[in-house]
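Notes for the one structure printed next.
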Amino acid sequence: MKKTRLAALVSSAFLSIPSAFSAQYQVVEIPAAELGTDSYPSAINDIGEIILNLVSQYNPVIDVTLLDFDSATLIATLTNIENAKSGDFNTTDYALLYAYISANDESQFFQQIASLNSYIATEDTSTLLRGFDTIDPNTDEYRNSATTTVRGINESGYTVGISYDGFYTLTYVNDNIEDVSYVLNDFYARAFAQIDGDVIALPPPEDTVGGYSEAYDINELNQVVGIATTELVSTTLEDSIADCADEDERGDIPEQSCLRSLSISTYASLSTVFQRRGVIWQLDDGSVSDTNELPMLIEPDDDDTTVYNSTAIAINDFGIAVGTSPAYYNNTDTLTSAAVIYDNDKAYTISEDNDEEYDVFASYATDINNNDLVVGYATKSVLGISASKFFVYDYDSGLIDYPDDFFDSASTIPTAINDDNMVVGYTEYEETSSGVRRVEGFLYDYRNDIFSSLNDLIECNSPYTISQANGINENNEIIATASVSTVDRDITGEIELDEFDAQSYSTHVVAVKLVPISGGSIDNCDVYEEEYERQGASAYWLLLLGLFGLGRFAFTDLRKSA
């Protein structure tokens, strides 16, 4: 396919030459992004409601009743320990306590604070999606203990994702007649759907010690796709559960503590404890009416003890879902991953062009629209390295296209396609002198075969660099992850000042919406003096958080050299 390269990418965030609307997209920062240090979006519906996931929310609630102020660590680090005991923190001690608690994540003797919060947001409002969070009976307020990641939304306002179980405090009297406070929950994490304030659990078919499930997408029929534990393969887990119920076996701890420890260790080894499959949950009248385990591309023998994992991550409004399934590589006995299409309880993979120049090691489907166009990527050897090459597969005709991106060995990951056949995602734009490849969001017009960097479609002097496009609706509005230089703020969200009362700035990742400009055209960047290169790689670790925190796709290493 012919590659169309649009305007030259120039960073001129510090220039003042006006460009008004001489661009194709206007960048709008989502206000909920101001509630924490960094944010990334994951989905958008046609009425403009956006799912936003927020990292390090400002003003976290700290429960001082769970802190041991006699510990050497707190005595040595806090600047005003007496005020801290009463919850009257100065900014320095507030940040120190938050870091101290966060460093003891998953300890049963420390408060658990959500590390990620999800919102449903518009350009004007935002509403926190609490998942399975619990209410503290002492304050009648939510604890903010359940880390949530929401990934999908439909036109009815149903949102879907995954949430940790909310935590509660259990006081246990040990054998020494001492009160010990445990911070516990009843399962590790589970898929959920939410409409307005109602949370609907999406449990796994196999829920021993809580099991595990995760939701990725929802269609207009309220069908939710995801992954869930479907069969227990461990021969020791049930014995461990029995040991937790036996006072002599578990020791001087409450049974709930023993089970919490077991759920943590089980989560860390899910791939050896459970079979996991793609599933569809059907929602009706605010509850789950059916859970359908989806097939794989292979059918294991009855005596096969291999643990297989498949997933479903997107579904169109006709109930056709896509994801990834185990498959055999090139008619051998070697297992690989292959893009899968689930249709009427059958599993199909994409049809490869036999004349394709490069051998495909693995493939992954990431979205499907209502025209039955599937997007995804295939792992191939290109110029001696492994690259992820973007494809568009027509399920009805069986034809597959690999659009040209910016250079032969570039890795390109599509994240979404709308019914106008516009595809968005992220791609390696160019290799820097350090060997690290800069990643940028892209827009691909399938009908006209135009592949564009989104940074070419916004104004040249925009302070934002679009690192990833996460979704697109039927109005061609795009949600994206952008890096931008912003003033530094403290844990309360207040602007930080140095000893000279001066502000400092650093690069952060924020959720933005790209709104098409009626009559807009490509900004002519040639009129600007190129003074600063956009900092697309400067917040690379935060971009990775957006990619992996989203948890939706499998990724290759985008930092490999050509």
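The table below gives the values:
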{"item": "The stretch 369-385 - residue that is touching an Asp or Glu at 6+ places or on another chain (Cβ under 9 Å) and within 13 Å of Asp408 (Cβ to Cβ) and, of those, modelled with the highest pLDDT", "result": "Lys380"}
{"item": "Complete set of residues in the stretch 372-404 that are outside any strand (DSSP E or B), over 16 Å from Tyr444 (Cα atoms), open to solvent by 30 Å² or more (accessible area, probe 1.4 Å) and touching a residue at least 24 places away in the same chain (Cβ under 8 Å)", "result": "Leu383, Tyr395, Asp396"}
{"item": "Boolean, Leu514 is at pLDDT below 90 and among the hydrophobic types (A, V, I, L, M, F, W, C)", "result": "no"}
{"item": "Set Asp290, Asp239, Asp243, Asp301: member being at pLDDT below 95 and either assigned to a strand (DSSP E or B) or open to solvent by 60 Å² or more (accessible area, probe 1.4 Å) (or both)", "result": "Asp301"}
{"item": "Wholly enclosed strands (runs of 3 or more DSSP E) of the stretch 161-231 bearing at least 3 residues over 28 Å from Asn370 (Cα atoms) and open to solvent by less than 30 Å² (accessible area, probe 1.4 Å)", "result": "179-184"}
{"item": "Residue satisfying all of: in the stretch 123-146; more than 22 Å from the chain's Cα centre (by Cα) and part of a loop (DSSP other than H, G, I, E, B); surrounded by the most Cβ atoms within 10 Å (Cβ to Cβ) among these", "result": "Arg143"}
{"item": "Filter result (assigned to a strand (DSSP E or B) and either over 17 Å from Pro516 (Cβ atoms) or open to solvent by 40 Å² or more (accessible area, probe 1.4 Å) (or both)) within the stretch 422-446", "result": "Gly425, Tyr426, Thr427, Glu428, Tyr429, Glu430, Glu431, Arg437, Arg438, Val439, Glu440"}
{"item": "Residue under evaluation Asp449, criteria (1) open to solvent by less than 10 Å² (accessible area, probe 1.4 Å); (2) closer than 27 Å to Val374 by Cβ, criterion not met", "result": "(1)"}
{"item": "Complete set of residues in the stretch 79-119 that are of a type in the set (A, V, I, L, M) and either within 24 Å of Asp488 (Cβ to Cβ) or at pLDDT below 95 (or both)", "result": "Ala84, Ala95, Leu96, Leu97, Ala99, Ile101, Ala103, Ile113, Ala114, Leu116"}
{"item": "Pair list, Cβ under 8 Å, 6 or more apart: the stretch 327-345 residue at positive phi and open to solvent by 40 Å² or more (accessible area, probe 1.4 Å), other residue assigned to a strand (DSSP E or B) and among the hydroxyl-bearing types (Ser, Thr, Tyr)", "result": "none"}
{"item": "Residue selected from the stretch 86-116 under the condition open to solvent by 60 Å² or more (accessible area, probe 1.4 Å) and either part of a helix (DSSP H, G or I) or in contact with a helix residue (DSSP H, G or I) (Cβ under 6 Å, 6 or more places away or on another chain) (or both), by the criterion farthest from Pro60 (Cα to Cα)", "result": "Thr92"}
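The values are calculated or read from the model by the stated rules, or taken from the named source; none is laboratory data. As the structure is a prediction and not an experimental result, all values here were calculated from the model. Here the Cβ is made from the backbone with ideal geometry for all residues, glycine too, and neighbour counts use every protein chain on show. All accessible areas refer to the heavy atoms of the entire protein, side chains included, with ligands and DNA or RNA removed. Shrake-Rupley method; radii C 1.70, N 1.55, O 1.52, S 1.80 Å.
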